[in-house]
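Notes for the one structure printed next.
The values are calculated or read from the model by the stated rules, or taken from the named source; none is laboratory data. Bear in mind the structure is a predicted one, so any value in this text is a computation, not a measurement. No Cβ is skipped: glycine too gets one built from the backbone with ideal geometry, and neighbour counts run over all protein chains shown. Ligands, DNA and RNA are excluded from the accessible area calculation, which covers all protein heavy atoms including side chains. Shrake-Rupley method; radii C 1.70, N 1.55, O 1.52, S 1.80 Å.
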Amino acid sequence: MELIRVKLAWINPTVKEVPGVKNFNVIEENLNNYFKTIAHKDTTVTIRNLPKSTNSVRSFYGEFLNNWFLVEEAIKLEKEGFDGIIIGCFPDPGLFELREILNIPVIGLGESAILTSLMIGYKFAIVSVDDDINPNMERSLMHYGVRDRAIYRPIRAVKPPITAKDDVEGYSDPFKSIIPRFEDVAKECINDGAEVIITGCGYIGPMLMLHGYKEI
């Protein structure tokens, strides 16, 4: 029987090298390692960055400007023969636009994580990387119709915000800075009734998994 080989594309909502951030390529290398641990042997996941980007979706306006580049890149990927698109950003920028115009499946990290959390526990909370991105995520909860399954103030950011530089350093050692900030907020959410904690960032989730951090 002939094997079905699946080609997926993970779109980062940034350019390949973020200005002012050294060794940003470390994130892509680690994501590729992460995909190898979870993907079927006949499934390939290709990371594609944007040719141009605002390099931020931490506001409605920043996301709005960036979505044009993201959508155009996704259209190219479909024409190149990819079988599905993964939006590598937790607020799922461009998700509805892409599902409207593409003929291949489009997966949003935020939607997938939230819907999975509903099978694990009754109340969930999301730990985000910056207060500025919380409104975008709150909009997602309304779109997905799951607000009642979240705790009061369901999206709470770490302090100080996690930057691209922090992401790069975190893939080497998340226990130094990322996890302590994450845990401070996660424990607060647990005390307020959360049974499931979601990492509200496309880079942080794989980072923690690669370092064996799965439970508070």
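In the condition set (1) β-branched (V, I, T); (2) in a helix (DSSP H, G or I); (3) touching a strand residue (DSSP E or B) at 6+ places or on another chain (Cβ under 7 Å); (4) crowded, with 21+ Cβ neighbours inside 10 Å, I133 is compliant with all but (3).
Scanning the range 71-91 for residues that are modelled with pLDDT of 95 or more and either of a type in the set (K, R) or under 20 Å from Y144 (Cβ atoms) (or both), we see that the one that is farthest from the chain's Cα centre (by Cα) is K79. In the range 117-125, the count of residues that are aromatic (F, W, Y), assigned to a strand (DSSP E or B) and over 29 Å from G20 (Cβ atoms) is one or more. Might you check whether a residue that is of a type outside the set (D, E), open to solvent by less than 10 Å² (accessible area, probe 1.4 Å) and without any contact (Cβ under 8 Å) to a residue 40 or more places away in the chain occurs anywhere in the range 200-211? The answer is yes, given that some residue of the range 200-211 is of a type outside the set (D, E), open to solvent by less than 10 Å² (accessible area, probe 1.4 Å) and without any contact (Cβ under 8 Å) to a residue 40 or more places away in the chain. P174 falls short on exactly one of the conditions (1) at pLDDT 95 or above; (2) open to solvent by 10 Å² or more (accessible area, probe 1.4 Å), and that condition is (2).
Confirm whether E138 is in a helix (DSSP H, G or I) and open to solvent by 80 Å² or more (accessible area, probe 1.4 Å). It is true that E138 is in a helix (DSSP H, G or I) and open to solvent by 80 Å² or more (accessible area, probe 1.4 Å).
Can you name the helices (runs of 4 or more DSSP H) wholly within the range 1-105 that have at least 3 residues being open to solvent by less than 10 Å² (accessible area, probe 1.4 Å) and either of a type in the set (A, V, I, L, M) or more than 29 Å from Y213 (Cβ to Cβ) (or both)?
60-79
Considering the range 106-120, and only residues there that are within 19 Å of E138 (Cβ to Cβ) and among the aliphatic types (A, V, I, L, M), the residue that is least open to solvent (accessible area, probe 1.4 Å) turns out to be I114.
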